[in-house]
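Asks: Structure below; questions to follow.
The values are calculated or read from the model by the stated rules, or taken from the named source; none is laboratory data. What you see is a predicted model; the values in this text were computed from it and never measured. For neighbour counting, all protein chains shown are included, and Cβ atoms are generated from backbone atoms with ideal geometry for every residue, glycine included. The accessibility values were calculated without ligands, DNA or RNA, using every heavy atom of the protein model including side chains. Shrake-Rupley method; radii C 1.70, N 1.55, O 1.52, S 1.80 Å.
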Amino acid sequence: MGAKMIQRVLVANRGEIAIRIFHTLREMGIATVAVFTDEDEAAFHARSADQAYHVGNYLDIESLVDAARMTHADAVHPGYGFLAENAEFAKAVAEAGLILIGPREGTIRSMGDKLEAKQIMKNAGVPTLPTWERAPPADQFPILVKAVGGGGGKGMRRVETPDELDHALKAAARESGKAFGDDRVFIEKYIEKPRHVEIQILGDSHGSYVHLFERECSIQRRHQKIIEETPSPAIDPEKREAMGAAAVAAARAVGYLGAGTVEFILDRAGDFCFLEMNTRLQVEHPVTEWTTGTDLVREQIRIANGDRISFTQEDLRQTGHSIECRIYAEDPENEFRPATGSVEVYRPPDGPGIRLDSGIEEGSVIGFQYDPLLAKLITWGPDRDASIARMVRALHDFVLLGVRNNIDFLCRVVSSPAFRAGDIDTQFLERHSEFSEPEPERIPVEALVAASVGTSGGRSSAGTPTSPTFADVWQTRESWRNT
Ligand code: ADP
């Protein structure tokens, strides 16, 4: 880096992303500050930094800025979620004389408004979907009602016929008012069986913009991503170049600073349209890092420090194939309800081609307060088949007991012939409900925990001579997992 302005960074986040950011900061010789709430006093991320500072909550702007001042941090990294796309936070950080590791306040504000973002992209020549602010012609149905300030798939409603529109507009406005404090909604053409393909971009203060190719994020549940991969099985070199150029045009149009993502929807004919721009690091950034040999957090910090992106577009290549699976504390057999509990046994997989970005350890207590993402499992292989084979192997080897989770579910998805064939779209999981059906011969969780920690039986199996030993558990890989 050039003149070193950033010497200590406060990470205004928790869990796996806080820890992932600390890793790069430490490699760059930058001091690290964690923040934690009452519930997170014993959390892994709070013990992973040089210092940890108590805050009221992760959305309390004043308390976070105070924490940065008190710990003498020069910069703040917001991670994703929480305040990562909050223009008021960006403003407060700048006003306190601190550097925000992220884009400018104005960019966050305009990209946070889906209508304004679409208009800017349209003016920049980026393809956008037909949009209406009131009832469209009947031949345009089905349509999608969306929240102007939306995120995380909230406030979105598919409408089949004009007579259902009024009700849907009102319901979506109510929902988004509650979730985002902004009840404005709009109407967008609904694309049947589309793919979600997004482009990673970087922009620096010297006017350079690059894209780091695509991520295919079509495996979703309720409009939220679960499995991501790159390269996309649906993109050929020409399409990749066209989408990359559109994403760079989008970044240039807003003078983008830092790491961002331009999301596109790809229809069955292979035409792409701008969906939205995320002004932050994405959950799924590791697959891009692995296939391009880059560290996106490092680039974010360099850019925030006023340095140049450390490579040019011509330097960038995609090598091999990478997949990410999001490991959630949830119960796939029970409508994916969030799960709570204490992590009794945690033995994540390792070996060639495996990366784990984890926010937990044995003993971690998982409550209802926060996002149920526990860890991200990422694999790399020279091609898609090899990357999938590694993911299947790694999910089989993943031991996580004490909290219900989606590991078995993910394993069924990535091992399925349909996924292997690359025949995926955003409705893939709706069509394949069999992945979340109960396992026929499941060993009770208590017995598994007891067996793996070497005691003789838990609540449901206490005293029974048939309690499995850890070796038994190990032998029955298909059915022992706590899901
Ligand atoms: P959010 O900001 O709430 O995440 P997005 O606009 O990014 O909303 O859309 C999230 C997901 O919803 C997309 O990945 C896609 O699966 C689906 N989606 C969004 N817009 C459309 C559309 N016009 N037609 C079909 N599906 C859509």
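Asks: Taking E229 as the residue in question, decide whether it is at negative phi, at pLDDT below 95 and under 23 Å from the mean Cα position of the chain (by Cα).
Replies: Spelling it out, it is not the case that E229 is at negative phi, at pLDDT below 95 and under 23 Å from the mean Cα position of the chain (by Cα).
Asks: Separate question: Can you tell me how many residues in segment 205-216 are touching a residue at least 40 places away in the same chain (Cβ under 8 Å) and either in a strand (DSSP E or B) or buried (at least 21 other Cβ atoms within 10 Å of the Cβ) (or both)?
Replies: 7
Asks: Any chance segment 448-458 includes a residue that's part of a helix (DSSP H, G or I), modelled with pLDDT under 95 and within 23 Å of I323 (Cβ to Cβ)?
Replies: no
Asks: Checking G177 against (1) open to solvent by 30 Å² or more (accessible area, probe 1.4 Å); (2) free of Cβ contacts under 8 Å to residues at least 12 places away in the same chain, only one condition comes out false. Which one?
Replies: (1)
Asks: Here is a list: E434, E441. Which entry is open to solvent by 20 Å² or more (accessible area, probe 1.4 Å), outside any helix (DSSP H, G or I) and either within 22 Å of R215 (Cβ to Cβ) or at pLDDT below 95 (or both)?
Replies: Residue meeting the stated conditions: E441.
Asks: Still on this structure, please answer the following. Please go through segment 361-376 and pick out each residue that is among the hydroxyl-bearing types (S, T, Y) and within 18 Å of the chain's Cα centre (by Cα).
Replies: Y370
Asks: For segment 54-75, enumerate the residues that are loosely packed, with under 14 Cβ neighbours inside 10 Å and over 11 Å from V35 (Cβ atoms).
Replies: Those that are loosely packed, with under 14 Cβ neighbours inside 10 Å and over 11 Å from V35 (Cβ atoms): E62, R69, H72.
Asks: Would you point out the residue of segment 343-360, among those that are closer than 21 Å to T230 by Cα and within 17 Å of the chain's Cα centre (by Cα), that is surrounded by the most Cβ atoms within 10 Å (Cβ to Cβ)?
Replies: That would be D357.
Asks: What are the residues in segment 1-26 that are open to solvent by 70 Å² or more (accessible area, probe 1.4 Å) and more than 22 Å from A96 (Cα to Cα), if any?
Replies: Within segment 1-26, M1, H23, R26 qualify.
Asks: Quick one: which strands (runs of 3 or more DSSP E) lie wholly within segment 217-315 and hold at least 1 residues that are in contact (Cβ under 8 Å) with a residue 24 or more places away in the chain, within 22 Å of A12 (Cα to Cα) and away from the ligand (no atom under 16 Å from the Cβ)?
Replies: 258-266
Asks: Then there's this: Regarding segment 367-390, can at least one residue be identified that is hydrophobic (A, V, I, L, M, F, W, C), under 18 Å from P352 (Cα atoms) and surrounded by fewer than 16 Cβ atoms within 10 Å (Cβ to Cβ)?
Replies: For segment 367-390, residues hydrophobic (A, V, I, L, M, F, W, C), under 18 Å from P352 (Cα atoms) and surrounded by fewer than 16 Cβ atoms within 10 Å (Cβ to Cβ): present.
Asks: Within segment 76-195, considering only helices (runs of 4 or more DSSP H) that don't extend past its boundaries, which have at least 2 residues that are more than 14 Å from the ligand (Cβ to nearest atom), in the same structural domain as I21 (by TED's automatic domain parsing) and over 25 Å from the mean Cα position of the chain (by Cα)?
Replies: 87-95
Asks: When segment 54-65 is examined, which residues are found to be part of a helix (DSSP H, G or I) and not hydroxyl-bearing (S, T, Y)?
Replies: Once the filter is applied, which keeps residues that are part of a helix (DSSP H, G or I) and not hydroxyl-bearing (S, T, Y), segment 54-65 yields I61, E62, L64, V65.
Asks: Can you pull out every residue in segment 41-53 that is farther than 18 Å from A31 by Cβ and either open to solvent by 70 Å² or more (accessible area, probe 1.4 Å) or assigned to a strand (DSSP E or B) (or both)?
Replies: E41, A42
Asks: Go through L257, L281 for me and flag whichever is more than 25 Å from V414 (Cβ to Cβ) and in the same structural domain as F336 (by TED's automatic domain parsing).
Replies: Exactly one residue qualifies, and that residue is L257.
Asks: Is it true that R404 is assigned to a helix (DSSP H, G or I), at pLDDT 95 or above, touching a Pro at 6+ places or on another chain (Cβ under 9 Å) and open to solvent by 10 Å² or more (accessible area, probe 1.4 Å)?
Replies: Criteria not met by R404.
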